[in-house]
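S.K.: Handing you this structure, nothing more for now.
Where a number appears in this text, it was derived from the coordinates with a stated rule and is not lab data. Owing to the predicted nature of the structure, the values given are computational and were not obtained by experimental measurement.
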C-alpha cells in the first residue's frame, strides 16, 4: 500500500466533496528510494522551489482554477507536513506567495529538517545543526494559523516533536489548534471521529478532514508580515544599503512609484516610520539565548534537614565543582554560579 499516496487521495477527496479546489503537488525528492535512502541525493531547496512555483501558478491563474487568492491553505502529510511548515516559515508576502493557513498531519519535523540542512551526497541522520531548516525554531509572529494533527502511537514521528512545535507556536502568539489521538492510530489518517473525540467539542464527529481546512481559515491571522530589505538595482550597482538614515529612505519610501510597486527596503522604510500601506512588519526574531535557565535543586541531605542552596553557603563553598556527586547531579546550579563556582559550560541567566 502506498501509505502517503492513499492518505493524500483520501483526504483530497474529502476536500473536493466539501467544495474546495484541490491542487496536489508532486514535488522532487531530495533522498533516494533505493538502498541508500539515508543519502541526500539532490538539493533539498529545489523542493521549496516546487512549492513556490505551485503557489505562484495558483495565484496567477486564480480565476481559471476558481481559487480565492486570500484563502489558500497548505496541507501536508508526514514529510509533506515538514515541507509545508518550512515553506510557511520562510515565505515572504511580497517576494513569494504565502498561505493563509496550514494544516499539518503528523509532520516529519526533525528528520525532515535534517534532510533539508544536509549537503548533497551526505548522510542526514548524523547532522547536529539543522536549525535553519527546523520549523519549530523558525516559528515567528508571521507564521500562518496552524492546525496540527498527530497520533500518540505514531512509530515514526515522536509526540514530543509535535508538542515542541505547539509550544513554539504558543510562545510566538500564533493561532493554532492541536489534536492528538491518544489511543490508536499511527503514521496515517485515523477515522476523523477519533480526532473529533479529543477536540473538546470543537470538531463535529460526523464531519471529515476537510473541516480542518475550515478551522484554519477561521483562526485569527498574523498581526504582521516578514519584511525584507531588497535594494533597488541602482543601489546594488553602487554598493548602497537600506540604511534608515539615508536620503533614499527619507524620500523614496511610499512616495516613489517603483519603490511602492517592488517593495524596496521594506523593513528599513517601516523602521523609519514610512512603511508601505497596509503592511505591518514583524520585529526581527530574537536571537537564541546563550545562557541557561539554571535550577537550584537541593541535595537529599539538605531536603531532609530543611536546608536550601541559598541557606547553605558552606556547602556551596566546598562542594560546587569539586564534589563529583554534586557535579553529576548539578546540585545548587544557580547558587554555585552566583558564588563564582558555576559548573563547567553552564552560564546561568540572570
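S.K.: Given a cut-off of under 8 Å on Cα pairs at least six residues apart, what relative contact order in percent is computed for the chain? Present the calculation step by step, with values, prior to reporting the outcome.
M.R.: Details: 554 pairs, mean separation 40.2, N = 350.
So the answer I get is 11 percent.
S.K.: What is the antiparallel percent of DSSP beta bridges lying wholly in the chain, to the nearest 5?
M.R.: Of all bridge pairs located within the chain, approximately 10 percent are antiparallel.
S.K.: Relative to the longest principal axis of the chain, what angle (0 to 90°, nearest 10) does the C-alpha long axis of helix 79-90 take?
M.R.: Helix 79-90 sits roughly 90 degrees off the main axis of the chain.
S.K.: Counting each DSSP H run of 4 or more residues in the chain as -39500 (n - 2.57), what helix-only mean residue ellipticity at 222 nm follows after dividing by all residues, to the nearest 500 deg cm²/dmol?
M.R.: Value at 222 nm, helices only: -10500 deg cm²/dmol.
S.K.: Can you grab the distance from the C-alpha centre of the stretch 39-82 to the C-alpha centre of the stretch 160-237, Å, no decimals?
M.R.: Each part's Cα centre sits 17 Å from the other's.
S.K.: Rounded, prolate or oblate: which fits the stretch 3-218, taking a ≥ b ≥ c as square roots of the Cα gyration tensor eigenvalues, rounded meaning a/c under 1.5, else prolate when a/b beats b/c?
M.R.: The shape class here is rounded.
S.K.: Using only the Cα atoms of the stretch 162-215, what semi-axes does the equivalent ellipsoid have when each is the square root of 5 times a gyration tensor eigenvalue? Give whole Å, largest first.
M.R.: Its equivalent ellipsoid spans semi-axes of 21, 14, 9 Å.
S.K.: Before anything else, pin down the relative contact order of the stretch 182-313: Cα pairs under 8 Å, at least 6 apart, normalised by residue count, whole percent.
M.R.: 17 percent
S.K.: Taking only Cα atoms and a 10 Å spring cutoff, compute GNM fluctuations for the chain and point out the largest among 325, 247, 259.
M.R.: For the chain, modelled as a Gaussian network with Cα springs under 10 Å, the answer is 325.
S.K.: Expressed as a whole number of Å, what is the distance separating the alpha-carbon centroids of the stretch 86-134 and the stretch 316-350?
M.R.: The two parts, judged by their Cα centres, are 37 Å apart.
S.K.: Taking only C-alpha pairs under 8 Å that are 6+ residues apart, what is the relative contact order of the stretch 289-350 in percent? Don't skip to the end; give the middle numbers.
M.R.: Values: 73 pairs, mean separation 27.0, N = 62.
Here the relative contact order equals 44 percent.
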